[in-house]
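One structure below.
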Amino acid sequence: MIEVRDLKKRFGTHSILDGVSFRIEKGESVVIIGRSGGGKSVLLKHLIGLLKPDAGQVLIEGEDIVPMNERQLLRVRRKFGMLFQSAALFDSMTVAENVGFAFRRERSLPEKEVRRKVTEMLEMVDLPGTEDKKPSELSGGMRKRVGLARAIIYQPQIVLYDEPTTGLDPIASDSIDQLILRVRDRLDVTTVVVTHDMRSTRRLGQRIRSEERRVG
């Protein structure tokens, strides 16, 4: 599903990724760990083409995305859902508007169908009946759940999680971990989690990789 070959990235004189190589199979759950600033999030951004490497390849289902232009990348990115560290919700929108944002922007589905999908996703992440709330009315854990509902609403093949439990108390962190496992099993998605939370690492990772300048 994902293969990275000898990936290198520098910012100025600072080497962030130095020959990173690994493979992730379809349906696998992989956790990437490392200290803050070690290159974990930079690596994640390379997987969806938000950053271009200085050298190396990123293959998604056999296609190297490094030389792709933005239009070509849009097609590949449809295979991905991503939960950002801060959830990245639109503060001015309701929960329902946030979750259904992609469909409404593209106008690819009737409004009735969008509402049905939004309701279904909010039930999956244990937030039924929150459609009309604003992000400011939600706890940190609830905002993460809304972000995840938005990431999975169009049923991606791969879901990326950037520090999903950062800023949450242990109980909320445990519930997010359980939710990640539920989404993986129900939707049969390939899961890549970037974290420094060792409790989450042990719970989520079928395989664990350490990112300290170079994946080992």
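The values are calculated or read from the model by the stated rules, or taken from the named source; none is laboratory data. What you see is a predicted model; the values in this text were computed from it and never measured. Note that each Cβ is placed from the backbone with ideal geometry, even for glycine, and that neighbours are counted across all protein chains shown. Note: areas computed on protein heavy atoms with side chains; ligands, DNA, RNA excluded. Shrake-Rupley method; radii C 1.70, N 1.55, O 1.52, S 1.80 Å.
Brief remarks follow.
- FRET E, pair Lys112, Glu25, Förster distance 25 Å, beta-carbon r, rounded to 0.05: 0.10
- Extension reserve of the Gln155-Thr13 stretch, reckoned as 0.36 nm per residue once the Cα distance is removed: 47.1 nm
- As a length-normalised measure over Cα pairs under 8 Å and 6 or more apart, the relative contact order of the range 87-182 settles at 33 percent.
- Normalised contact order of the range 88-143, rounded percent, pairs of Cα under 8 Å and 6 or more residues apart: 50 percent
- Whole-number accessible area per residue in Å² for the chain, which is evaluated in the context of all protein chains at 1.4 Å: 48 Å²
- Among the listed values [x] 24.8, 79; [y] 19.1, 56; [z] 17.2, 52, the one matching Rg and Dmax of the Cα atoms in Å as calculated from this structure is [z].
- The 3J(HN,Hα) values that the Karplus relation (6.51, -1.76, 1.60; θ = phi - 60°) gives for the range 28-40 are, in residue order, 7, 10, 10, 10, 10, 10, x, 5, 4, x, x, x, 5 Hz. Gly and Pro appear as x.
- Helical content alone sets the calculated 222 nm signal of the chain at -10500 deg cm²/dmol, taking -39,500 (n - 2.57) per DSSP H segment of four or more residues and averaging over every residue.
- Across the range 1-82, Cα pairs under 8 Å and at least six residues apart give a relative contact order of 33 percent.
- Asp132 versus Ala88: modelled label distance in nm, points set 7 Å from Cα along the beta carbon direction: 3.0 nm
- Estimated at the nearest 10 Å², the accessible area of Thr165 is 10 Å² with a 1.4 Å probe.
- Cα gyration tensor shape of the range 128-167, rounded if a/c is under 1.5, else prolate or oblate by comparing a/b with b/c: oblate
- Overall form of the range 19-69 per C-alpha gyration tensor (a/c, 1.5; a/b vs b/c): oblate
- For the chain, the antiparallel share of DSSP beta bridges with both residues in that region comes to about 50%.
- Surface composition of the range 26-171: carbon plus sulfur atoms contribute 52% of the solvent-accessible area (1.4 Å probe, protein chains only, all chains present).
- Largest to smallest in accessible area, the residues Tyr161, Tyr154 fall in the order Tyr154, Tyr161 (1.4 Å probe, all protein chains included).
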